[in-house]
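Student: There's a structure below that I have some questions on.
All of the numbers you see were taken from the coordinates with simple rules; none came from a lab. Keep in mind the model is a prediction, meaning the values are calculated, not measured. Cβ: placed from backbone, ideal geometry, glycine included. Neighbour counts: every protein chain shown.
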Amino acid sequence: MKRFRTLEGLLFVAGWLFFASALVFIAYPFLTPLGVFKPLENGLPAGVLVALAAQLFTQSKNLQESREKRSLFYLDSCVKAFEEARILLEDGNNDRATWIAAGRALGHATDLADNVTADAHLRVLELHRLKYRRCFHDALQRSAAFFYGAKLVLSTDDAAKWSTAGEEGGLISTVKGLSDKALRAVWLAAQWPTGYEDPLDRGFSEAERQQMCLLFPGLHEFLDHKERWHSAAGKLYERKPTQ
């Protein structure tokens, strides 16, 4: 139904209505008693309607292609923005300006992603997001002193003091801690989206497990063992059979 909520969908439907009307003009004389097909009265209107239908089909196709090209442009631009942010943070730096640049790139990526509309492009975008999500998750696995911009191993209190100290003992305060807004942009990029539908929606069926006995005996043994035993805190506990 998504197709018919777009302009090209409406043109597509209108084209079929014109085409159906043309068929009525042609078929009507043959369906009535003593009906006679008259080229001017029946054929000419039918030809006009077919021509209009063809024009609407063409316009619908052109609009669809234009929409897909637009969606592809935003997909490519979004991926480039994600990649720019990844490159800025891949060396594990805690430079304030670099993180702000990465945060801005991710902000642009989010805005660009909203304009990716084609279903196939949305699936490709989610594949890229899966890849980058891990990168940004790892970038946030740091100590509090790291986010204060400290280059050395310091306590959180000492790192906070150092983050606003003047350069080389100067009195002018310089902020070295990472921007909260930039950190939030990276944090958002590391999250799973709301309503995410995991393509790993089910495990092995019983029939599939039977098929792997000969070809993948180790996998079959693992699944069978996991079904009978539960491992916790370095010990095995036999599962109770379900009633």
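Student: Short version: ³J(HN,Hα) in whole Hz for each residue of the stretch 81-94, in order, from phi by Karplus 6.51 cos²θ - 1.76 cosθ + 1.60 (θ = phi - 60°), x for Gly and Pro, what are they?
Tutor: Working through the residues one at a time gives 5, 4, 5, 4, 5, 4, 4, 5, 9, 5, 8, x, 6, 10 Hz.
Student: Within 10 Å, Cβ to Cβ, of residue 92, how many net charges do the neighbouring residues add up to if Lys/Arg are +1 and Asp/Glu are -1?
Tutor: Around residue 92, the surrounding residues sum to -2.
Student: If each residue of separation counts as 0.36 nm, what is the full-extension length gain between residue 231 and residue 54 once their alpha-carbon separation is subtracted?
Tutor: Working: separation 177, 0.36 × 177 = 63.72 nm, distance 6.61 nm.
Result: 57.1 nm gained on full extension.
Student: For the stretch 82-151 and the stretch 214-243, what is the separation of their Cα centres, given in Å?
Tutor: Value for the Cα centre distance between the two parts: 39 Å.
Student: Could I ask something else about it? Using the Karplus equation 6.51 cos²θ - 1.76 cosθ + 1.60 (θ = phi - 60°), what ³J(HN,Hα) coupling, rounded to whole Hz, does each residue of the stretch 68-73 give in order, writing x for Gly and Pro?
Tutor: Listing the rounded values in order: 5, 5, 5, 4, 5, 4 Hz.
Student: Once you have the Cα-Cα distance between residue 219 and residue 70, take 0.36 nm times their residue separation minus that, and quote the gain in nm to one decimal.
Tutor: 49.1 nm
Student: Once you have a ≥ b ≥ c as the square roots of the Cα gyration tensor eigenvalues for the stretch 81-167, tell me rounded if a/c is under 1.5, and otherwise prolate or oblate according to whether a/b is larger than b/c.
Tutor: Prolate, since a/c reaches 1.5 and a/b exceeds b/c.
Student: Can you tell me which lysines have their Cα less than 16 Å from the Cα of residue 80? Leave out same-chain residues fewer than eight positions away.
Tutor: 131
Student: I would also like to ask the following. With a 10 Å radius around each residue's Cβ, average the other Cβ atoms per peptide and rank 150-159, 49-58, 210-219, highest first.
Tutor: Answer by packing, highest mean first, reads 49-58, 150-159, 210-219.
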